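The values are calculated or read from the model by the stated rules, or taken from the named source; none is laboratory data. This structure is a prediction, so every number in the text was calculated from the model and none was measured. Methodologically, a virtual Cβ is constructed for each residue, glycine included, from the backbone with ideal geometry; neighbour enumeration extends over all protein chains shown.
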Amino acid sequence: DTGVSQDPRHKITKRGQNVTFRCDPISEHNRLYWYRQTLGQGPEFLTYFQNEAQLEKSRLLSDRFSAERPKGSFSTLEIQRTEQGDSAMYLCANFPRNTIYFGEGSWLTVV
Amino acid sequence: EDQVTQSPEALRLQEGESSSLNCSYTVSGLRGLFWYRQDPGKGPEFLFTLYSAGEEKEKERLKATLTKKESFLHITAPKPEDSATYLCAVQGTGNTGKLIFGQGTTLQVKP
């Protein structure tokens, strides 16, 4: 009952295009998190939801990024006007039993 | 500001050669210290949570310990399948559940 499913697993896009990632929790939990990870670094917090409410956003989340969690179940992370610096793995996680469990991540390559 | 530093950045061991990974942290009130294992191209996999100084947790060849300033992940008689990046993260006070990660230690175990 832990973890999340993420889609797509890999995305290659041209600079300036918009991309959207989806996260589906395996089971329902109130909290859902988005992190970003670049090569050789640990994951960095982006934002989190308590049910459908987005309660905290990192300063890493520029105005080109938007996250939603309609109905408090699945979540989407959209990046508009992608830049090469957006190339990273985007991780979604849920929070059963006070522990954060990650999905397999969505790799984004901006060319 | 909460901060986590892991050392060494990379570690090469022979199969059976025991060693330890270090995680130093500064946090305004520790709610939990987490260890994750990450294989290339995959999301972090939860290993342990430690909540207070003096606490220890074990799983197969791995043992995690915690003091007021650092945590160690001891690897006893490692096998090649233990090769991975090991990530340490802290959860501070506040009710968000947000984790602050170190940059990770990449372990390679040679047969």
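Give me the residue from the stretch A:49-71 that is surrounded by 15 or more Cβ atoms within 10 Å (Cβ to Cβ) and of a type in the set (A, V, I, L, M) and, out of that set, farthest from the chain's Cα centre (by Cα).
Filtering the stretch A:49-71 for residues that are surrounded by 15 or more Cβ atoms within 10 Å (Cβ to Cβ) and of a type in the set (A, V, I, L, M), the one farthest from the chain's Cα centre (by Cα) comes out as A:Leu61.
For the stretch A:19-34, does any single residue satisfy the condition of being free of Cβ contacts under 8 Å to residues at least 12 places away in the same chain, at the interface with chain B (Cβ under 10 Å from one of its Cβ atoms), in contact with a strand residue (DSSP E or B) (Cβ under 9 Å, 6 or more places away or on another chain) and under 27 Å from B:Tyr86 (Cβ atoms)? I'd like the intermediate steps shown before the answer.
To start, the set of residues in the stretch A:19-34 that are free of Cβ contacts under 8 Å to residues at least 12 places away in the same chain comprises none.
Among the residues of the stretch A:19-34, not one is free of Cβ contacts under 8 Å to residues at least 12 places away in the same chain, at the interface with chain B (Cβ under 10 Å from one of its Cβ atoms), in contact with a strand residue (DSSP E or B) (Cβ under 9 Å, 6 or more places away or on another chain) and under 27 Å from B:Tyr86 (Cβ atoms), which makes the answer no.
Across the stretch B:30-89, what is the total count of residues that are of a type in the set (Asp, Glu) and in contact (Cβ under 8 Å) with a residue 40 or more places away in the chain?
Of all residues in the stretch B:30-89, those of a type in the set (Asp, Glu) come to B:39, B:45, B:55-56, B:58, B:60, B:70, B:81-82.
Adding the requirement that they be in contact (Cβ under 8 Å) with a residue 40 or more places away in the chain leaves B:39, B:70.
Qualifying residue count, the stretch B:30-89: 2.
Going through the stretch B:28-69 one residue at a time, which ones are among the small types (Gly, Ala, Ser), on the phi < 0 side of the Ramachandran plot and touching a Gly at 6+ places or on another chain (Cβ under 6 Å)?
Result: B:Ser28, B:Gly43.
Mind checking whether some residue in the stretch B:16-32 is charged (D, E, K, R), under 20 Å from A:Pro43 (Cα atoms) and at pLDDT below 95? Spell out the reasoning first.
Within the stretch B:16-32, the first condition is being charged (D, E, K, R), and the residues that meet it are B:17, B:31.
With under 20 Å from A:Pro43 (Cα atoms) added as a condition, the list becomes B:31.
Filter once more, so that each one left must be at pLDDT below 95: B:31.
Taking every residue of the stretch B:16-32 in turn, at least one turns out to be charged (D, E, K, R), under 20 Å from A:Pro43 (Cα atoms) and at pLDDT below 95.
Based on this model, can you work out whether B:Ser71 counts as over 21 Å from A:Asn98 (Cα atoms), away from chain A (no Cβ under 14 Å) and small (Gly, Ala, Ser)?
no
Name the pairs whose Cβ atoms lie under 7 Å apart, with the first residue in the stretch A:84-111 and in contact (Cβ under 8 Å) with a residue 40 or more places away in the chain, the second assigned to a helix (DSSP H, G or I) and among the polar types (S, T, N, Q), and 6 or more positions between them or separate chains?
The qualifying pairs are A:Val110/A:Gln84.
Identify the residue in the stretch A:72-89 that is in a strand (DSSP E or B) and more than 10 Å from chain B (Cβ to nearest Cβ) and, among all such residues, is nearest to B:Arg37 (Cα to Cα).
By that ranking, first place goes to A:Ala88.
Out of the residues in the stretch B:29-63 meeting the condition of being within 14 Å of chain A (Cβ to nearest Cβ) and touching a Ser or Thr at 6+ places or on another chain (Cβ under 7 Å), tell me which one is surrounded by the most Cβ atoms within 10 Å (Cβ to Cβ).
Only one residue fits best here, namely B:Leu33.
Restricting attention to the stretch B:81-95, does a residue exist that is over 15 Å from the mean Cα position of the chain (by Cα), at pLDDT 95 or above and surrounded by fewer than 18 Cβ atoms within 10 Å (Cβ to Cβ)?
yes
Given (1) in contact with a strand residue (DSSP E or B) (Cβ under 7 Å, 6 or more places away or on another chain); (2) surrounded by fewer than 21 Cβ atoms within 10 Å (Cβ to Cβ), where does A:Gln41 come up short, assuming only one miss?
(1)
Right, B:Glu15: more than 14 Å from chain A (Cβ to nearest Cβ) and surrounded by fewer than 16 Cβ atoms within 10 Å (Cβ to Cβ) or not?
Working: more than 14 Å from chain A (Cβ to nearest Cβ): yes; surrounded by fewer than 16 Cβ atoms within 10 Å (Cβ to Cβ): yes.
Yes; evaluated as a whole, the condition is true for this residue.
Name the one entry in A:Trp107, A:Trp34 that is within 26 Å of B:Glu9 (Cα to Cα), out of contact with any Lys or Arg (no Cβ under 7 Å at 6 or more places or on another chain) and not in a loop (DSSP other than H, G, I, E, B). Before the answer, list the steps.
Working: A:Trp107 fails: out of contact with any Lys or Arg (no Cβ under 7 Å at 6 or more places or on another chain).
None of the others qualify; the one that does is A:Trp34.
Counting residues that are closer than 15 Å to B:Ser19 by Cα, which strands (runs of 3 or more DSSP E) fully inside the stretch B:45-111 reach at least 3?
Values: elements: B:45-50, B:56-59, B:62-66, B:70-75, B:84-92, B:105-110.
In the stretch B:45-111, B:62-66, B:70-75, B:84-92, B:105-110 are the strands (runs of 3 or more DSSP E) which contain 3 or more residues that are closer than 15 Å to B:Ser19 by Cα.
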